[in-house]
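Data first, discussion second: the structure below is written as structure tokens.
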Amino acid sequence: MKNQKIEPFQLDNVEKDRHFVTALARGLEVLRAFRPGEGAVGNTEIATRTGLPKSTVSRLTSTLVQLGYLIHREDEARYEPSPAVLTLGYTFLANSRLRLLAAPAMREMARNTGYSLAMGARHKLNMLYVEAARGTKASTLVLEVGSYIPIAKTSMGRAFLAGMVDVERDFVMDSIKHHSGTEWPEIKKGIEESIIHYEEKGFCVSFGDWQRATNAVGVPIRDQAKGDLMAINCGCSAYLATPEELIEEMGPQLVSLARGVEIMCGQG
């Protein structure tokens, strides 16, 4: 998926931890380099995505094939994840009370409004889709569970930032600044304005900030008992709904959905 950007492999700080197993981390980064819907990928592309040397990637993909987590397409000299990879994420999906409780409400809202909804959790400087409900209205951007979107420019990511405690948000903001380069002033402004919007309206917005033709609103959602934080967004193509329509109609509905799920979490 061309629009999916994953932050490059970084070990500068964690390698100083004597408990950190670099080989394991690199193997997991290789698994993370595969993207939904794109098919098999070669070692060269994996090396580009992870920032690892191609020779290292070759050894890791060979090991993962032997362990049963990758399938080697010998005729193409490419690799793709095997069904065994599902075991790595299924436990999380099955145990996430937020996801289990939110999924039916998301599907109902998608049916009633025609717009698509998604729930995501943070991974580094991205949001990872853990649930999705497809609306009936056409959209220029359709993402599935397992897709990544940037935390800094999306309504989901900004909502997640808005829901974090200050010290945690400051840490993530420092990381975003480090990776943003000359874009940082504009990115910072967008995040700060979105957080102010959240404090006033209860939801964050992103109108063409990530994908020019996509508008979206997002809300943080928390399981207070477990301390889990995620975010839910509702988005559509810009020609389907104006920012004003999303702010007046979809934003409040999304807030209501999130608060309802949080109440159910508290009753569990």
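The values are calculated or read from the model by the stated rules, or taken from the named source; none is laboratory data. Keep in mind it's a predicted model, so treat the numbers as computed, not measured. Here the Cβ is made from the backbone with ideal geometry for all residues, glycine too, and neighbour counts use every protein chain on show.
Looking at A110, A132 in this structure, which one is in the same structural domain as V217 (by TED's automatic domain parsing) and under 19 Å from A159 (Cα atoms)?
From the options A110, A132, the qualifying one is A132.
Can you tell me which of (1) surrounded by 13 or more Cβ atoms within 10 Å (Cβ to Cβ); (2) over 26 Å from A231 (Cβ atoms); (3) under 25 Å from the mean Cα position of the chain (by Cα) is the one T56 doesn't meet?
Among (1) surrounded by 13 or more Cβ atoms within 10 Å (Cβ to Cβ); (2) over 26 Å from A231 (Cβ atoms); (3) under 25 Å from the mean Cα position of the chain (by Cα), T56 violates only (3).
For segment 121-163, what are the residues that are surrounded by fewer than 17 Cβ atoms within 10 Å (Cβ to Cβ), among the hydrophobic types (A, V, I, L, M, F, W, C) and in contact with a helix residue (DSSP H, G or I) (Cβ under 9 Å, 6 or more places away or on another chain)?
V145
List the pairs whose first member sits in segment 26-55 and is assigned by TED's automatic domain parsing to the domain that holds D75, whose second member is hydroxyl-bearing (S, T, Y) and not in a helix (DSSP H, G or I), and whose Cβ atoms are under 7 Å apart, counting only residues at least 6 apart or on separate chains?
From residues that are assigned by TED's automatic domain parsing to the domain that holds D75, the pairs are L31/Y69; P36/S147; A40/Y79; V41/Y79.
For segment 94-112, name all the residues that are touching a residue at least 12 places away in the same chain (Cβ under 8 Å), surrounded by 14 or more Cβ atoms within 10 Å (Cβ to Cβ) and more than 13 Å from L257 (Cα to Cα).
S96, R97
Do we have any residue at all in segment 195-210 that's within 18 Å of the chain's Cα centre (by Cα), closer than 19 Å to Y115 by Cα, modelled with pLDDT of 95 or more and among the aliphatic types (A, V, I, L, M)?
Within segment 195-210, not a single residue is within 18 Å of the chain's Cα centre (by Cα), closer than 19 Å to Y115 by Cα, modelled with pLDDT of 95 or more and among the aliphatic types (A, V, I, L, M).
Quick check: anything in segment 66-81 modelled with pLDDT of 85 or more, among the acidic types (D, E), in contact with a strand residue (DSSP E or B) (Cβ under 8 Å, 6 or more places away or on another chain) and farther than 30 Å from K177 by Cα?
Within segment 66-81, one or more residues are modelled with pLDDT of 85 or more, among the acidic types (D, E), in contact with a strand residue (DSSP E or B) (Cβ under 8 Å, 6 or more places away or on another chain) and farther than 30 Å from K177 by Cα.
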